[in-house]
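K.L.:
Got a structure here, written out as structure tokens. Questions coming.
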Amino acid sequence: MTACGVPNIPYMRKCFFLLFLTISVITTATAQHTQVVKGKVTDKESGISLVGVTVAMIDTEPSTGTVTDENGYYELKDIPVGKHTIQLSFIGYNNITVPGVLVTSAKEVVLDFKMEESATKMDEVVIKVRREHINEMALVSAKTFDVQETERYAGSRADPARMASNFAGVLGADDSRNDIIIRGNSPQGVLWRLEDVDIPNPNHFAVSGTSGGPVTMLNNKIISNSDFFTGAFPSEYGNSIAGVFDLKFRNGNKDRYEMTAQLGFLGTELAAEGPISRKGNSSFIFTYRYSTLKLFEGLNIKIGTSSVPTYQDASFKLNFPMGKKANLSFFGMGGLSHIDLIVSNINEQPEELYGESDRDQYFTSNAGVVGSSLSYIINSSSYTKLTVAQSTSTVKADHDKVFRSPSYMVDSLKDILGYNFTTNATTAHWYINKKFTVRHTVKAGILNNYYNMNFVDSSRQYPPTLQTWQHRLNYQGGTDLIQAYVQYKYRPSDALTMTIGLHGQYLTHNGSKALEPRAALRWRANDKNVFSLGYGLHSQLQPLYQYYAVLPANPTTAMHNYNVDFTRSHHSVAGYEHIFSRTVRLRSEVYYQYLFNVPIETRAGSSFSGLNQGASFSRLFPDTLVNKGTGYNYGFELTLEKTFSKGYYILLTGSVFDSKAKGNDGVYRNTDYNGRYAANILGGYELKLGKNSTLLTGAKLTVAGGRLYSPPDVPASNTLGDYVVIDSLRNVLQFKDYFRMDLKLGVRINAKKLTHEIALDLVNLFNTKNILSQTYNHDLAAQGAYPFTTQYQLGFLPLFYYRVDFGFGKK
């Protein structure tokens, strides 16, 4: 199945008219609106609340400041709406400065901070630290995911994965999916984690064995700032060879009820948060979203296609502080998605089609996770946390082959494919963190994922004349992935930090095991220059369904890839950072990754490599595999960033890289993801319109190497009825380079108790025809024509949304 993306709807003129009408009627208020900024400050390594921390909004006139109370809470009142810079200082701790804090009239701003104690004892520490990452053990290839960036960056569609494609080393040149391709690795190698537990693919219309999809289930209205790793990550993360997205949900406002309603092209949303008990500081937050296109269809609004994607998702978090030492929380996220791609009701060959042209497809994917976390401060230097969760993922589809007459009329239908993959996972993660002294910290934990699976897959799609069903999967059972880790951080001074760690994992059903050392170093040579080094040995299991697949001629008990081992990787990184000013910095990293133990086919001369799967709408059933393949990725990354200040921001990222894999034929070939280069230029400007309103603008330019592809074997393709590559020429061809320009225009209006935001995101502004793939076309083959067609990516797509925020109760 190809992208179940959304079509271009001709509502462009109405969107522009509404946007600029809104701007034209804005009136300047007589008094500027203000809001509360509040939060909690804790020690970064021990978790204890810090009392007496000075918190100040340094760019207001006059500057506003306060100190944290006996529980570590602070509250700044009467902060004018707009963007501001907040600064924290405390004797014996490194200062924190955070620019670009958005303050609106409708919602209070809740900012929690973790301060790091200085390794050098002195009366006052003046080192200024900008929050780079949340995990205290992360020293290289780490970036904090700022929730505001998902809406600030043009073309990001409020999607964390698409926003991450703006980072150096991350390739985002597929409009149909939000796959995260890191340093030439398959997106299959990315680990998704939520509230300290591993979760299934958090995307609608996801296919088993992938980590991406067309539409995210994640709602940025509940996500807190989170960590994103692109290599050599700390030892608490396992079962990944590419990268980690470590997501956190924020707590709801503990003092005041606040709500959001949003109507947008990609979804109609509601969000609510507020106190459960003000006395106990407990809170809730909840979000829900439903497909706007499906709502339009229900209202009989024509949207240009009968294949309307249906999806909905929800997220929540309940937080219950239990005195000064303990905290209990409950969290959850889930989504349902379905689409019917029907071509049998089409009587003419269409120029563009979502899905394959020779079959009706009925596709459903559902996923979700619910869990609970209990954290407890043991003493002033130690805390522990236990998280348990239950997740589920179901992917099912049915395909009917459409046979047509020479006049393109439907002759008959034949059911050719049916599968239902369900995976339930029970996960528990416990860890303890001990701060022995300012210089020495240790964190150790155990993570267990028990997977219970029910896989069924039968096909008779190739060749089209095949009548007998081929049963490729029929399995019910379970397996357990057990992981343990320990990591140690040493800070001999404020300028130098070192970490070492060890991660181990064991897969019970076939005995696969791995022991992985990790190490990193970060040295701040002076106020302007920072150097870093990192190394990690990483391992990852294969897509679960592949362990239990069978060859069509074999019984269901003859699982030919049951004993395949982990794919493994050595990853080394060196980095340099130059700080020009508080808001401008240059980052660079060079890396080398050697992959080994990679599954390849035992078939002589096969160029297949397990490194080339994980970024499509199809499942892969390889022949018998053996862990004898290798591969490598190396490259250079550069980031020049001017964070938001003085009304604008600029971000330039670029990477050049090489990605190769070797199959059973002994030849190193381009991987599917070896685009060789990628670059992004982003910028935005915000113009004050009176005292309480702001014009929002943003632009993004992306260029990247074209997708690799293999020349087809025409006779073999016609015989099978599908695209068959010339195996010895895998990935020797490349489509033209990818180019896309996005533009965002909007306005934010702060009324007395409401904040309105209306915006238009113009994706692919110049309607560039970027090539997605080549596919086999059965109808062309039946006419004796060349049977391959070129599929293009998304054309020009204007995405509109209107959002209103409001709150009530204590302020």
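K.L.:
Projecting each Cα onto the charge dipole of segment 638-720 (Lys/Arg +1, Asp/Glu -1 at the beta carbon, about the Cα centre), which of Pro712, Gly675, Gly690 comes out farthest on the positive side?
P.N.:
Toward the positive end, the furthest listed residue is Gly690.
K.L.:
Highest first, please rank the peptides 789-802, 263-276 by the mean number of other Cβ atoms sitting within 10 Å of their residues.
P.N.:
Listed from highest to lowest mean packing, they are 263-276, 789-802.
K.L.:
Could you calculate the FRET efficiency of Thr54 with Asn474 from 1/(1 + (r/R0)^6), where r is the beta carbon distance between them and R0 is 56 Å, rounded to 0.05?
P.N.:
According to the calculation, E is roughly 0.30.
K.L.:
Rg and Dmax in Å for segment 410-471, alpha carbons only: what are they?
P.N.:
Cα radius of gyration and Dmax of segment 410-471 are 24.9, 78 Å respectively.
K.L.:
Let me ask something additional. Within 10 Å, count the other beta carbons around each residue, average over each peptide in 169-182, 218-231, 570-583, and list them highest first.
P.N.:
Those peptides, ordered most packed to least, come out 169-182, 218-231, 570-583.
K.L.:
Computed over the Cα atoms of segment 229-338, what is the ratio Rg over Rh, Rh following Kirkwood?
P.N.:
1.12
K.L.:
At most 11 other Cβ atoms within 10 Å and a DSSP loop assignment: could you name the trypsin sites (Lys or Arg not before Pro) in segment 228-306 that fit?
P.N.:
Filter output for segment 228-306: Lys279, Lys302.
K.L.:
Please compute the modelled spin-label separation between Glu75 and Thr556, points set 7 Å along Cα→Cβ, answer in nm with one decimal.
P.N.:
6.2
K.L.:
About its Cα centre, how strong a charge dipole does segment 186-312 have in debye, to the nearest 20, once Lys and Arg get +1 and Asp and Glu get -1 at the Cβ?
P.N.:
Approximately 420 debye in magnitude.
K.L.:
Something else: Using only the alpha carbons, work out the radius of gyration and Dmax of the chain in angstrom.
P.N.:
26.7, 87
K.L.:
I need the Debye-formula profile for segment 158-220: one equal scatterer per C-alpha, no solvent, reported as log10 I(q)/I(0) at q = 0.14, 0.21 1/Å, two decimals.
P.N.:
For segment 158-220, the Cα-only Debye profile gives -0.35, -0.83.
K.L.:
Antiparallel DSSP bridges in the chain: what percent, to the nearest 5?
P.N.:
95
K.L.:
Here's something else I'd like to know. Rounded to the nearest 0.05, what FRET efficiency do Val67 and Phe636 give with R0 = 45 Å and r taken as the Cβ-Cβ distance? Could you check?
P.N.:
Plugging the Cβ-Cβ distance into 1/(1 + (r/R0)^6) gives 0.50.
K.L.:
Now, a different point. Solvent-accessible area per residue for the chain at a 1.4 Å probe radius, Å²?
P.N.:
Computed with neighbouring chains in place, this is 38 Å² per residue.
K.L.:
Something else: In Å³ and rounded to a whole number, note down the convex hull volume per residue for the Cα atoms of segment 68-116.
P.N.:
Dividing the Cα hull volume of segment 68-116 by its residues yields 88 Å³.
K.L.:
Restricting to Cα atoms and excluding each atom paired with itself, what does the Kirkwood estimate give for segment 452-533 in Å?
P.N.:
For segment 452-533, the Kirkwood estimate is 17.8 Å.
K.L.:
Using the per-residue mean of other Cβ atoms lying within 10 Å as a proxy for protection, in what order, highest first, do the peptides 719-729, 673-683 fall?
P.N.:
Highest to lowest by the protection proxy: 673-683, 719-729.
K.L.:
What translational diffusion coefficient, in µm²/s and rounded to a whole number, does the Stokes-Einstein relation yield for segment 322-481 at 37 °C and a viscosity of 0.692 mPa s, taking the hydrodynamic radius as the Kirkwood radius over Cα pairs?
P.N.:
Rounded, D is 163 µm²/s.
K.L.:
Take the Cα atoms of segment 639-742, build their convex hull, and give its volume per residue in Å³.
P.N.:
Output value, Cα hull per residue: 138 Å³.
K.L.:
With Rg and the Kirkwood Rh both taken from Cα atoms, where does Rg over Rh land for segment 530-660?
P.N.:
With Rg and the Kirkwood Rh in hand, the quotient comes to 1.17.
K.L.:
Tell me which lysines have Cα within less than 25 Å of Lys736's Cα, excluding those fewer than 8 residues away on the same chain?
P.N.:
The qualifying lysines are Lys660, Lys662, Lys700, Lys769.
K.L.:
Run the accessible area of the chain with a 1.4 Å probe and give the carbon-and-sulfur part as a rounded percent.
P.N.:
That fraction is 59 percent.
K.L.:
Starting from the amide H of Ile276, placed 1.01 Å from N in the peptide plane, find each other amide H under 5 Å away whose residue is 5 or more places distant or on another chain.
P.N.:
Ser282, Ser283, Phe284
K.L.:
Rounded to the nearest 500 deg cm²/dmol, what is the calculated helix-only ellipticity per residue at 222 nm for the chain, with -39500 (n - 2.57) per DSSP H run of length n ≥ 4?
P.N.:
After summing the helix terms and dividing by residue count, I get -1500 deg cm²/dmol.
K.L.:
Right, next: Need one number: nm distance between label points at Gln148 and Phe766, each 7 Å from Cα along Cα→Cβ, rounded to one decimal.
P.N.:
The two pseudo-label positions are separated by 3.1 nm.
K.L.:
Now for a separate question. Calculate the dipole size of segment 556-632 relative to its Cα centre from +1 charges on Lys and Arg beta carbons and -1 charges on Asp and Glu beta carbons; express the result in debye to the nearest 20.
P.N.:
It comes to approximately 240 debye.
K.L.:
Taking H placed 1.01 Å from N in the peptide plane, check which residues at least 5 places from Ala154 or on another chain put their amide H under 5 Å from its amide H.
P.N.:
Long-range HN contacts for Ala154: Ala699.
The values are calculated or read from the model by the stated rules, or taken from the named source; none is laboratory data. Remember, it's a predicted structure, so these values are computed and weren't measured experimentally. Ideal geometry is used to build each Cβ from the backbone, glycine not excepted, and the neighbour counts take in all protein chains shown. The area values use the complete protein model at the heavy-atom level, side chains included, leaving out ligands, DNA and RNA. Shrake-Rupley method; radii C 1.70, N 1.55, O 1.52, S 1.80 Å.
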